[in-house]
Amino acid sequence: MAGLAAARELGRAGLSVCILEARERVGGRVFTVHDPACAVPIEQGAEFIHGRAREIWDPLEKAKIKVSEVEGDSWCISEGRLSSCDFFEEVDSILHKMDDSVPDESFSAFLQRRFGEPRTKAQREAQRHATSYVSGFNAADPALVGVNWLVQGMRAEERIQGDRAFRAENGYTALLTVFKDQVATFGADLRTETIVESVNWRERNVKVTAHNYRGSLMLEASKVLITVPLPVLKASARQSGAIRFTPQLPAQKVEALDKMEMGKVIRVVLRFRERFWESIKPSARSRKNLSGMGFLFSQSDWFPTWWTTMPEKSPVITAWAPFRSAERLSGQSEQFVTEHALQTLSDLLGPGVRELQGLLENSYFHDWQSDPFSLGAYSYGKVGSDGAQQAIAAPLENTVFFAGEATDTAGHNGTVHAAIASGYRAAKEILQSVERVNVVA
Ligand SMILES: Cc1cc2nc3c(=O)[nH]c(=O)nc-3n(C[C@H](O)[C@H](O)[C@H](O)COP(=O)(O)OP(=O)(O)OC[C@H]3O[C@@H](n4cnc5c(N)ncnc54)[C@H](O)[C@@H]3O)c2cc1C
């Protein structure tokens, strides 16, 4: 999305743009699958539109694409007991005690310093939920993620009503198509299945080598914009997908890259014949069943979080394994991942695994950690990461520019709107540098 957003702006301004994309499809971590047997789009990467960021809403509104707010009841399972969730306020109160005016520390260190060892069950539960939020939502290691980064993110979310979540009709593909079509209108040369290997540059001259199914190719340009994900930029030259820079990236940028980390997530989408959970109740006496379930939170080691497609009542449910759970599942076969998802669902909601297997029509899964062109899900800032995003984004001699969600400086790292905003920012930098050259010339 960062690359497409930038290409659109540069194309619109009349620059000649060539996009090199390693995969056979554009979109990167936006990856919607349309199964004709399924009424709803299946997201393998980004699914939710977090809040009302203009970068997403403006193009969707202009293209008259319908957007619906995510709805549904939140259910919790703790010690085998199903109940309505009541932890949100406590988690909120813990998170709002984070303070970025004191020296930065990890979320785990903050919990320990501010609250100490939990003395009551309620305190233990509240800390556990707060930690699960950080590792679940941010896909971050609580012992690494910086409080300053988390606070900046919370403030940024408040500015865009980030507590609300939406989905576009047809999924994220709808937004992708808007950008893709506009990029095509401006005549950009889009080459998929073209893996960039090296960038050799000096001021106002770049030679990019890449390979595709026909062999190697070399392209020359006056400027290049790099939008690969954080771990790909960090990858050592031997890793597939890695880009070799000559001269090497400056030490300041390398240090900044090290201050940002890639969160890990495995998600698997399960499509059943029917919404079997509709009739499930916390107990025989309960009046409410799970027919309105939006989210299900648990302490499962494999897939702690689940969600449905509410308000759309489809027989599709998503299993979410962040951080440690993702580490355990990454690199495993689709069969292994799906079996563990079914086993977890069975443990949580009751139906036997065989029954669930009988009801399962299809499952959809992409291992973002093992994919050499992402090497993880989305970025977060470690302790002491203040200013790291700016340093990663900083252009080199008005010749090599950088964009991508990890370069967002407004507190939105790890989202689609951050990627788009970074693309716009980089396009502006490129256009300004072109204007400067023209003035000098
Ligand atoms: C499972 C998952 C769930 C998510 N959920 C949400 C969500 O609900 N809401 C939200 O806002 N965000 C979500 N995100 C994050 C969001 O998808 C990303 O922040 C955003 O899409 C990143 O866009 P980008 O342009 O920065 O990077 P990418 O989309 O990763 O694009 C980088 C591109 O570079 C290409 N590339 C890599 N290496 C090379 C190379 N050597 N040569 C050529 N091309 C190369 C890649 O193929 C890719 O197309 C999720 C991500 C994942 C993985």
Can you pull out the strands (runs of 3 or more DSSP E) entirely within region 328-441 that have at least 2 residues that are of a type in the set (S, T, Y)? 360-365, 378-381
Tally of residues being closer than 21 Å to G3 by Cα and part of a loop (DSSP other than H, G, I, E, B) across region 28-76: 11
Considering only residues that are touching a residue at least 24 places away in the same chain (Cβ under 8 Å) and part of a loop (DSSP other than H, G, I, E, B), look in region 77-95 and name the one that is nearest to the ligand (Cβ to nearest atom). C85
Restricting to region 236-246, count the residues that are more than 9 Å from the ligand (Cβ to nearest atom) and touching a residue at least 40 places away in the same chain (Cβ under 8 Å). 4
Hits in region 196-218 - residues which are exposed (fewer than 12 other Cβ atoms within 10 Å of the Cβ) and either hydroxyl-bearing (S, T, Y) or within 15 Å of the ligand (Cβ to nearest atom) (or both): Y213, S216, M218
Residue list for region 371-395, filter: open to solvent by 20 Å² or more (accessible area, probe 1.4 Å) and over 15 Å from the mean Cα position of the chain (by Cα): P372, K382, V383, G384, D386, G387, Q390, A391, A394, P395
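Looking at A394, A427, can you tell me which residue is at pLDDT 95 or above, among the aliphatic types (A, V, I, L, M) and within 16 Å of the ligand (Cβ to nearest atom)?
A427
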In region 44-55, what residues are near the ligand (Cβ under 7 Å from one of its atoms) and open to solvent by 40 Å² or more (accessible area, probe 1.4 Å)? H50
Any residue at all in region 353-366 that's more than 30 Å from S222 (Cβ to Cβ), within 9 Å of the ligand (Cβ to nearest atom), of a type outside the set (S, T, N, Q) and touching a residue at least 12 places away in the same chain (Cβ under 8 Å)? yes
Between residues in region 11-27 that are without any contact (Cβ under 8 Å) to a residue 40 or more places away in the chain and residues that are near the ligand (Cβ under 8 Å from one of its atoms) and open to solvent by 40 Å² or more (accessible area, probe 1.4 Å), which pairs lie under 9 Å by C-beta distance while being six or more apart or on different chains? none
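Condition check ((1) more than 21 Å from the chain's Cα centre (by Cα); (2) modelled with pLDDT of 95 or more; (3) within 11 Å of the ligand (Cβ to nearest atom); (4) not basic (K, R)) across all residues:
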| site | (1), (2), (3), (4) |
| --- | --- |
| A5 | no, yes, yes, yes |
| C18 | yes, yes, no, yes |
| V33 | no, yes, no, yes |
| I42 | no, yes, no, yes |
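Filter region 285-299 down to the residues that are touching a residue at least 60 places away in the same chain (Cβ under 8 Å) and of a type in the set (S, T, N, Q) and list them by number. First the steps, then the outcome.
Of all residues in region 285-299, those touching a residue at least 60 places away in the same chain (Cβ under 8 Å) come to 288, 290, 292-299.
Matches in region 285-299: S298, Q299.
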Count, please, the residues in region 149-174 that happen to be more than 29 Å from A256 (Cβ to Cβ) and either small (G, A, S) or in a helix (DSSP H, G or I) (or both). 5
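The values are calculated or read from the model by the stated rules, or taken from the named source; none is laboratory data. Just so it is clear, the structure is predicted and the values come from calculations on it, not from any experiment. As a convention, Cβ positions derive from the backbone with ideal geometry for all residues, glycine included, and neighbour counts pool all protein chains shown. Keep in mind that these areas ignore ligands, DNA and RNA; they rest on the heavy atoms of the full protein, side chains included. Shrake-Rupley method; radii C 1.70, N 1.55, O 1.52, S 1.80 Å.
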